[in-house]
Amino acid sequence: MKWFYLAAFVALSLRAETPEQRGKRVVNECLQALGGDNYLNMHNRVETGRVYSFYRDSLTGLSIATIYTRYDSGVTDTAHNLAQHERDNYDKKQDYGALFTDKEAWDVTYRGARPLPADRFARYKDTTLRDIFYIIHVRLQEPGWVIESKGSDVIENRPVEIVDLTDADNITTTVYFDQITKFPVRQVFFRRDAVTKDKNEEVTHFTKYRDAGDGVQWPFAVERDRNGEKIYEIFSTSVEVNDKKVADNLFLLPSTIKLLKPE
């Protein structure tokens, strides 16, 4: 009988919350599950595994990859400026890849460094700014956030809490949090194609959470879909945070590298 009263008490407590209170509670529970202060103090991350790219659900690329991410302090306008650098190295030799800074991106090979198209960088920047892990780590201190629960549901056979996170520019990311583990399992946002002006649905799935060191939990499998079609997938064999061997010059173009013209 006491279980009945406990369940009734929990149900009444949830109903007493406003959508805003419930949304903020769910996001805070997620932060604690990811590592709390250890997660907020993460200053770099190294992911190693296999990366797949797709077009119309058909495999178009496969590579062994190491993705280095460094978070940058001192960025004041985190709503509009990136507070991270990223270096993607491919193949076992890691002798080619891409470099994403806060303002531009480069394709790096033995021939030199070629600027990536502006729309490619703009898409990378927008995807990063709207990523739930980046939002929690970097952006939640911005003024103007509206974090609102949209209720609960069952997605992929698991009970989830659904939360809309809307920033001061009225840009929304919808996130589905596992009710048991508290981890994000799915996020959705919409983006206009710069050329066609079509509205694209961008969906990301997160699974296989594991300890990445320093008490931080991270998804080792990530899949991205666009308008219902798979476009990207990564299966990490290892993820390590706060790696002291990651040097700052990894996120800079070497002064001796040949700068190539944009295509």
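Output the residues belonging to the range 212-227 that are charged (D, E, K, R) and more than 17 Å from ILE67 (Cα to Cα). If you could, list the steps in order and put the result at the bottom.
Initial filter on the range 212-227 (charged (D, E, K, R)): 214, 223-226.
Within the range 212-227, ASP214, ASP225, ARG226 meet the criteria.
Could you list, in sequence order, all residues of the range 204-250 that are crowded, with 17+ Cβ neighbours inside 10 Å, closer than 18 Å to GLU156 by Cβ and among the aliphatic types (A, V, I, L, M)?
Matches in the range 204-250: VAL222 only.
For the range 193-203, how many residues are open to solvent by 70 Å² or more (accessible area, probe 1.4 Å) and touching an Asp or Glu at 6+ places or on another chain (Cβ under 7 Å)?
As a first pass, look at the range 193-203 and keep what is open to solvent by 70 Å² or more (accessible area, probe 1.4 Å): 194-199.
Among the residues that remain, those that are also touching an Asp or Glu at 6+ places or on another chain (Cβ under 7 Å) are: 194.
Selection size over the range 193-203: 1.
Collect the residues in the range 235-246 that are under 24 Å from SER58 (Cβ atoms) and not in a strand (DSSP E or B), keeping them in residue-number order.
Within the range 235-246, the first condition is being under 24 Å from SER58 (Cβ atoms), and the residues that meet it are 235-236.
Result: no residue meets the conditions.
Here is a check on your reading of the model: is ARG114 part of a strand (DSSP E or B) and either open to solvent by 30 Å² or more (accessible area, probe 1.4 Å) or modelled with pLDDT of 95 or more (or both)?
Numbers: part of a strand (DSSP E or B): yes; either open to solvent by 30 Å² or more (accessible area, probe 1.4 Å) or modelled with pLDDT of 95 or more (or both): yes.
Judged against the criteria, ARG114 is a match.
This table checks each residue for (1) at pLDDT 95 or above; (2) surrounded by 17 or more Cβ atoms within 10 Å (Cβ to Cβ); (3) under 15 Å from the mean Cα position of the chain (by Cα); (4) under 26 Å from THR237 (Cβ atoms).
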| residue | (1), (2), (3), (4) |
| --- | --- |
| ASP37 | yes, no, no, no |
| ASN41 | yes, no, no, yes |
| ASN44 | yes, yes, yes, yes |
| GLU47 | yes, yes, yes, yes |
| TYR55 | no, no, no, yes |
| SER58 | no, no, no, yes |
| ASN81 | yes, no, no, no |
| GLN84 | yes, yes, yes, yes |
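Looking at (1) in contact (Cβ under 8 Å) with a residue 40 or more places away in the chain; (2) not in a strand (DSSP E or B), which is the only condition ASN249 fails?
(1)
Among (1) under 14 Å from the mean Cα position of the chain (by Cα); (2) open to solvent by 90 Å² or more (accessible area, probe 1.4 Å), there is one condition LYS261 misses while meeting the rest; what is its number?
The one condition LYS261 does not meet is (1).
When you scan the range 96-110, do you find a residue that is at pLDDT below 95, part of a strand (DSSP E or B) and open to solvent by 70 Å² or more (accessible area, probe 1.4 Å), even just one?
Yes, that holds for at least one residue.
If ASP119 meets every condition in (1) at negative phi; (2) open to solvent by less than 20 Å² (accessible area, probe 1.4 Å) apart from one, which number is that one?
ASP119 satisfies all of (1) at negative phi; (2) open to solvent by less than 20 Å² (accessible area, probe 1.4 Å) except (2).
Scanning for something of a type in the set (A, V, I, L, M), surrounded by fewer than 16 Cβ atoms within 10 Å (Cβ to Cβ) and in a loop (DSSP other than H, G, I, E, B), does the range 141-155 turn up at least one residue? Please lay out each step first, then the result.
Within the range 141-155, the first condition is being of a type in the set (A, V, I, L, M), and the residues that meet it are 146-147, 154-155.
Going one step further and asking which of them are surrounded by fewer than 16 Cβ atoms within 10 Å (Cβ to Cβ), we end up with 146, 154-155.
Next, only the ones that are in a loop (DSSP other than H, G, I, E, B) stay: none.
Checking the range 141-155: not a single residue is of a type in the set (A, V, I, L, M), surrounded by fewer than 16 Cβ atoms within 10 Å (Cβ to Cβ) and in a loop (DSSP other than H, G, I, E, B).
The values are calculated or read from the model by the stated rules, or taken from the named source; none is laboratory data. This structure is a prediction, so every number in the text was calculated from the model and none was measured. Positions of Cβ are backbone-derived with ideal geometry, glycine not excepted, and every protein chain shown enters the neighbour counts. The accessibility values were calculated without ligands, DNA or RNA, using every heavy atom of the protein model including side chains. Shrake-Rupley method; radii C 1.70, N 1.55, O 1.52, S 1.80 Å.
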